[in-house]
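Undergrad: Pasting a structure here, questions to come.
Readers should treat all values here as calculations from the given coordinates under stated rules, not as data from a laboratory. A quick note: this is a predicted structure, and the numbers were derived from the prediction, not measured. All Cβ positions, even for glycine, are placed from backbone atoms using ideal geometry, and neighbour counts span all protein chains on display.
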Amino acid sequence: MKPGLPWAVGENATMTRSTETVQEVADILDHESISTWFQPVVDLVTGAVVGYEGLTRGPQESPLRMPTELFEAAREAHRLEELDWQCRLTALGGALASGMGPPLTLFMNVEPEVLSSPPDHAEPVLARAMGGLRVIVELTERALLEQPGTLLQFVETVRQAGWGLAVDDIGAHPHSLAMLSVIEPDVVKIDQPRLKAMPRTTAAALISGIQTYCRRAGARVVAEGLETDDDTETARSTGARYGQGWFYGRPSPLTHAEGAPGGPIPLLNPRAHRPTRRLIHVVTRSESAQPGTRERVNRVSGYLLDHAAELGPNTLVIICVQTMAFVDDTIRSTLQRLVGRVAHLALLGVDLPFDLVPGAHITQLSPADPLVSEWVIATIGLQEAIALVASDLGDDYNAGGDRRYEFVVTYNPQMVTDVSRALLSRMT
């Protein structure tokens with residue numbers, strides 16, 4: 001990946017489509033007949049236009065005119081990456097041509113299924129966009145745990161370019177709220193019609209989780225799908241400062257970007273990620289380690305995992321178990337009980353069988369990875385974050401329950417986030 005460029009996406013298609021549809025996708029891409037329409041994003045307090053979201057359209061008469069059909073067809077025709085790059089470049093080029101400079105913000109969607117470097121012909125547009133546009137890249141939350149290691153690299157590259165991040169369609173999947181703290185988006189987008197269709201308790205829990213993250217991080221909420229004055233009032237009451245929808249303007253071609261004077265949508269200044277070769281060195285910067293045996297580490301682990309099961313269905317649990325030698329029947333049974341009770345359970349280690357815990361995501365570590373010397377549990381829920389980092393002191397494996405460790409249990413949300421990122425960055 002070229003330094004400083006916030007990119008990219010690829011394809012993961014396994015299905016086939018009719019010959020006609022494949023040819024339709026080919027014609028659209030080969031003739032570069034993609035267009036971008038722009039929908040205004042407004043400040044719900046002042047009514048000022050603060051930015052525009054770029055929305056892809058296919059040819060007017062094509063059955064693939066709308067983005068859902070177009071992207072699905074391209075995905076199944078193995079041309080998703082090509083389509084996504086055309087859409088990005090068209091959106092950036094259209095924004096530049098309209099004069100959409102700061103303080104206006106361009107919201108640009110990406111499909112982060114597989115990341116790739118930009119094509120060579122993209123360089124001129126990217127260079128102009130990085131120098132002349134204020135961009136927030138939108139990630140669809142359905143892809144947040146598809147390939148978390150690659151996604152976190154993508155997030156870092158976007159930040160290095162000085163651009164912002166938004167998470168779209170929040171709440172469609174249980175893990176999305178927990179991933180907010182890991183990604184640290186500047187903007188959280190909520191779909192007002194989807195929120196209205198949810199059971200009241202589910203909607204309330206979603207809003208509470210979003211507000212908790214936004215208060216802690218200083219992020220902003222954008223409400224989508226606003227069609228009436230009542231929708232706007234509801235959006236304000238749930239903490240949205242910005243909004244978009246037919247009530248404020250339908251998507252349309254844009255020849256001249258206009259916005260009333262006012263401040264831009266704020267971007268965060270996320271903390272730099274801490275070094276992650278040895279996690280015990282990260283957590284002991286603020287908390288002291290204590291000695292303990294393998295038996296004690298297992299007892300503490302059992303307590304934390306039982307507690308994680310009670311934190312609710314939005315919880316992420318990520319664990320480095322070192323090697324199979326440390327996964328006894330009690331630990332395995334405890335892990336199996338977590339499946340179905342948490343949003344996502346991931347296990348990392350050396351030579352782990354993929355059926356170790358049915359329903360868990362398994363990642364194989366190299367025996368040379370420094371993480372293998374640490375037993376780590378990271379739990380991120382809506383209201384609580386906990387991590388255990390236990391550093392193996394290297395006794396003989398026959399030491400069993402008397403094997404010596406130094407360990408820390410931390411409830412510091414920033415520390416738990418750092419630990420979680422280190423684990424997720426190794427997941428494929």
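Undergrad: Rg(Cα) of region 374-426 divided by 2.2 N^0.38 Å?
TA: 1.31
Undergrad: Something else: Could you let me know the centre-to-centre spacing of region 209-268 and region 398-428, using Cα atoms, in angstrom?
TA: Region 209-268 and region 398-428 have Cα centres spaced 38 Å from each other.
Undergrad: Over the Cα atoms of the chain, Rg to Rh with Kirkwood Rh, two decimal places? Each step should come with its number before you reach the end.
TA: On the way: Rg = 23.2 Å, Rh = 23.1 Å.
Result: Rg/Rh = 1.00.
Undergrad: Assuming R0 = 51 Å, what is the FRET efficiency of residue 66 and residue 287, from their Cβ-Cβ distance, to the nearest 0.05?
TA: 0.50
Undergrad: How high is the relative contact order of region 19-243, in percent, with contacts defined as C-alpha pairs under 8 Å that are six or more residues apart?
TA: That works out to 16 percent.
Undergrad: Do you know the relative contact order of the chain, to the nearest whole percent, from alpha carbon pairs under 8 angstrom that are 6+ apart?
TA: 16
Undergrad: Could you quote the convex hull projected area for region 19-243, Cα atoms only and averaged over all directions, in nm²?
TA: If you wrap the Cα atoms of region 19-243 in a convex hull and average its projections, you get 12.9 nm².
Undergrad: For region 279-424, I need the span (max minus min coordinate) of the C-alpha atoms along each principal axis, in Å, sorted largest to smallest.
TA: Sorted largest first, the three principal extents are 38, 36, 26 Å.
Undergrad: Using a cut-off of 13 Å between beta-carbons, work out the net charge of the residues near residue 319 (Lys and Arg +1, Asp and Glu -1, residue 319 not included).
TA: Once all neighbours under 13 Å are counted, the net charge is +1.
Undergrad: Count the DSSP beta bridges whose two residues both fall in the chain, then state the antiparallel fraction as a percent rounded to the nearest 5. Mind showing how you got there, number by number?
TA: Details: 33 of 67 bridges.
Once the DSSP bridges in the chain are tallied, antiparallel ones form about 50 percent.
Undergrad: Given region 310-428, what percent of its DSSP beta bridges are antiparallel, to the nearest 5?
TA: Percent antiparallel among DSSP bridges in region 310-428 is about 60.
Undergrad: What residues have an amide H closer than 5 Å to that of residue 139, excluding those fewer than 5 places away on the same chain, when H is modeled at 1.01 Å from N in the peptide plane?
TA: Counting only residues 5 or more places away or on other chains, the set is 166, 167, 168.
Undergrad: Zone of residue 328 (label point 7 Å along Cα→Cβ, backbone N under 17 Å): which residues in region 297-320?
TA: 297-306
Undergrad: Just the ratio, please: alpha-carbon radius of gyration of region 111-268 over 2.2 N^0.38 Å, N its number of residues.
TA: In units of the globular-protein estimate, region 111-268 measures up at 1.10.
Undergrad: Can you tally the net charge around residue 49? Count Lys and Arg as +1, Asp and Glu as -1, for every other residue whose Cβ sits under 13 Å from the Cβ of residue 49.
TA: -3
Undergrad: Right, next: Given the -39500 (n - 2.57) contribution per DSSP H run of 4+ residues, what per-residue ellipticity at 222 nm results for the chain, rounded to the nearest 500 deg cm²/dmol?
TA: -10500 deg cm²/dmol, from helical runs alone.
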